[in-house]
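Everything below concerns the one structure shown next.
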Amino acid sequence: MLKALAQEQARTGQAVPLVRIAKHLDAAASSLLRELTMLNLLLEQAQQPTWVQSHAVEGRWMLALTAAGAAAAAQTSEA
């Protein structure tokens, strides 16, 4: 998911619609949003910076990698 988001964000230079990532991964948007929420919660509990910011724009969920998320996505690409 991080790799797909990083690729789309690099291509557009801005936040990416959740539905675009869901379609790319062939997954339900609601499931991805729940996974991202749980991931960010676990990171916060470990006192680590979150990897993905999500916000609604005119009823449409948008996703953007944080600096920590971009670093994590780069590490998964190298593996």
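Quick notes on this structure:
- Residue list for segment 1-59, filter: surrounded by 13 or more Cβ atoms within 10 Å (Cβ to Cβ), assigned to a strand (DSSP E or B) and in contact (Cβ under 8 Å) with a residue 40 or more places away in the chain: 16, 17, 52
Residue-by-condition table, conditions (1) within 22 Å of residue 75 (Cβ to Cβ); (2) not small (Gly, Ala, Ser):
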{"site": "19", "(1), (2)": "no, yes"}
{"site": "29", "(1), (2)": "no, no"}
{"site": "35", "(1), (2)": "yes, yes"}
{"site": "45", "(1), (2)": "yes, yes"}
{"site": "54", "(1), (2)": "yes, no"}
{"site": "63", "(1), (2)": "yes, yes"}
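- Residues of segment 39-61 that turn out to be closer than 14 Å to residue 29 by Cα and touching a helix residue (DSSP H, G or I) at 6+ places or on another chain (Cβ under 7 Å), as a count: 2
A short reminder: the numbers here are calculations on the coordinates, not readings from a lab. Source: prediction; values computed, not measured. Quick reminder, even Gly has a Cβ in these numbers, built from the backbone with ideal geometry, and neighbours come from all protein chains shown.
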